[in-house]
Structures are given as structure tokens and as C-alpha cells.
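First the structure, in the form of C-alpha cells, and then the observations on it.
The values are calculated or read from the model by the stated rules, or taken from the named source; none is laboratory data. This is a predicted model, so every value here is computed, not measured. Don't worry about glycine lacking a Cβ; one is built from the backbone with ideal geometry, like all the others, and counts go over all protein chains shown.
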Amino acid sequence: MKADDRQHLGETPKALVAALARVLRPLVRLLLRHQFTYPMFIRLLKSVYVEVAANDFALPGKDQTDSRISLLTGVHRKDVKRLWRGKRAVDIVPASVPLGSQLVAVWTTARRYLDKRGRPRPLPRLAAGQSGPSFEELVASVNTDIRPRVVLDEWLRLGVARLDEEDNVSLVVDAFVPEKGFDEKAFYFGQNLHDHIASCAHNLSGSGPAMIERSVVSDELSEASVAALAELAREQGMQTLHAISRRAIELEREDAKRKSPRQRISFGIYFYTEPSKPEGE
């Protein structure tokens, strides 16, 4: 039996168990808040175990079998046979997410839509009678199949944009993470955590060069200092995100001319605060 197989059969490093317990605590808080019970979580976890084992742990040159998936995961063969379809357990993308992300990326990075300070400028809703950019033009530059008014109504509902008395549309957010749309926020919750954890898991595996995964920690701060740092993180972080986004758009245009395998990237920021533990804990 190979060392990797022995580890899957129970010899899990204690440091990894401790790290997983810490990762799961905020997740369990979220699940309990939304009445997502332990049996519901176990059913979902079982299906994901089978999916990952089936798709990512096949032996080269050999067909994947129910028995091997059962050995790797500890899931009974009857359940493996029932669950294994070679598909993701759950894969739902709200319709507003792909188009919304593209539009906000263009609005926050293309010079045509920025003011002198490099911030997204308010745009007239209609293109008629306008010599400069408009919201209609912005939407049409990304997708001509959806009417700009439909996009605007959805953005107003989600709190992504604001329409003033002069019929100008202003962007309320720095990135497409709506304040009101639970489905949209849940989608980004899953995508961002997936990519962050995948990056950390890659680094723990030791296969290939390490990916960027850094943080700054300080635990002796007043509330006023935390607020100041939160504002600094937001300002500096958004500048970095916009710079990466602008360069990504430029490179996508250049790569469109080349015939080569495609990859996706994800680069993000986060800020978190909580009370420091009492001395001695």
C-alpha cells in the first residue's frame, strides 16, 4: 500500500486536523444560522467526497471503480454507486453574476468610464444625445442580447447601482458583490473560499511553486485603530484589485489572438476583526 493511501485510511497529520477544526467553526456558525443541520451537511459532504475521489484521484491508465472510491473515502459502496455520476454535487450560478462581473470590471478599469481620480464616473442612462459614454453603451459593449433597462432594474434591486434625479447611473460598489442579493453573495462566498482554500491546499501539497497566500495579523488594537486599518485595507486593496483587473483585460485581448490552452486566475483580498482572546487563553 502506498503512503498516500495509508494517509487516506486514517493517518492524518494532527496539525491538519487542528487546522480543519478552525476552518470549520465559522462555516458551522453560518450553517446553523440558516438552519442547515448536521444530517443535511453530511449528505452534501458525502456526495462531494465521492465526486472528488471519482474525478481527481483516478489511477493513470485505469478506469475508476466503486470499490476504489469507497476505499479512498470511507463511503459505503452502495452509496458510492448511488452518488457517483461524475458531476458536481451542486453547481448553481445566479444569472446576474457573469454579466454583472464583466460590466463592473469594465466600468472600474476602462479609462473611458473613469473620472480624473480613476474612479467610476456616473453615466447617463441613455446614449441618445450623448457624445460621451453612457450606461446603455457600457452594457452594449459587453452584451447586446440583454436590454440595458433590464440590467439597471436588477442592479437597483441588488443595490449595485443608483439612479439620480438627472437620470444618471452611479456604481455603488467597487466589485460585483451585491448588498442585497443573497444568491449572488452566496455564489461569491463559495467561489472565493474555494479558490483561497485551493491555493492553501496546493501549498500544503508541495507540488509545484507555492502560490501567493499572505496575511497581516495584529491583536492589540483599539476599535479606532481597527477602523483606520479597515479603511486603509479597503483603499489600498481596491487599488491593487483594479490594477490586476486592468492588466487581465489587456492580456485577455492579446491572448484571444493565440491558440493555446486557457487557464483562469483568482486574486483577492479580505479583512476580518474580532475581540482578542483574554490573556492566557
If I filter segment 73-86 for residues that are closer than 27 Å to S207 by Cα and either modelled with pLDDT under 90 or part of a helix (DSSP H, G or I) (or both), do I get at least one hit?
yes
Checking the structure you have, find out if any residue of segment 184-205 is part of a loop (DSSP other than H, G, I, E, B) and either touching a Pro at 6+ places or on another chain (Cβ under 7 Å) or modelled with pLDDT under 90 (or both).
no
Of these, L126, L138, which one is touching a helix residue (DSSP H, G or I) at 6+ places or on another chain (Cβ under 7 Å), over 26 Å from Q263 (Cα atoms) and either part of a helix (DSSP H, G or I) or of a type in the set (S, T, Y) (or both)?
L138
Considering only segment 206-246, state which residues are acidic (D, E) and assigned to a loop (DSSP other than H, G, I, E, B).
E213, D219, E220
Just for segment 140-152: of the residues that are surrounded by 13 or more Cβ atoms within 10 Å (Cβ to Cβ) and not basic (K, R), which one is nearest to G100 (Cα to Cα)?
V151
Conditions (1) surrounded by 16 or more Cβ atoms within 10 Å (Cβ to Cβ); (2) at pLDDT below 90; (3) under 26 Å from Q239 (Cβ atoms) -> A127 fails only (3)
Would you please name the residue that is surrounded by the most Cβ atoms within 10 Å (Cβ to Cβ), looking only at residues in segment 46-56 that are within 19 Å of K78 (Cα to Cα) and of a type outside the set (S, T, N, Q)?
V50
Is it the case, given these coordinates, that V106 is within 19 Å of L193 (Cβ to Cβ) and at pLDDT below 90?
no
Among the listed residues R246, R234, identify the single one that is under 29 Å from R157 (Cβ atoms) and in contact with a helix residue (DSSP H, G or I) (Cβ under 6 Å, 6 or more places away or on another chain).
R246
Looking only at segment 216-237, and only at residues there that are in contact (Cβ under 8 Å) with a residue 40 or more places away in the chain and surrounded by fewer than 10 Cβ atoms within 10 Å (Cβ to Cβ), the one that is nearest to T12 (Cα to Cα):
D219
The one condition K180 fails out of (1) within 30 Å of L20 (Cβ to Cβ); (2) modelled with pLDDT under 90 is (1)
Residue in segment 101-123 that is farthest from W155 (Cα to Cα), counting only those that are assigned to a helix (DSSP H, G or I) and in contact with a Pro (Cβ under 8 Å, 6 or more places away or on another chain)
R112
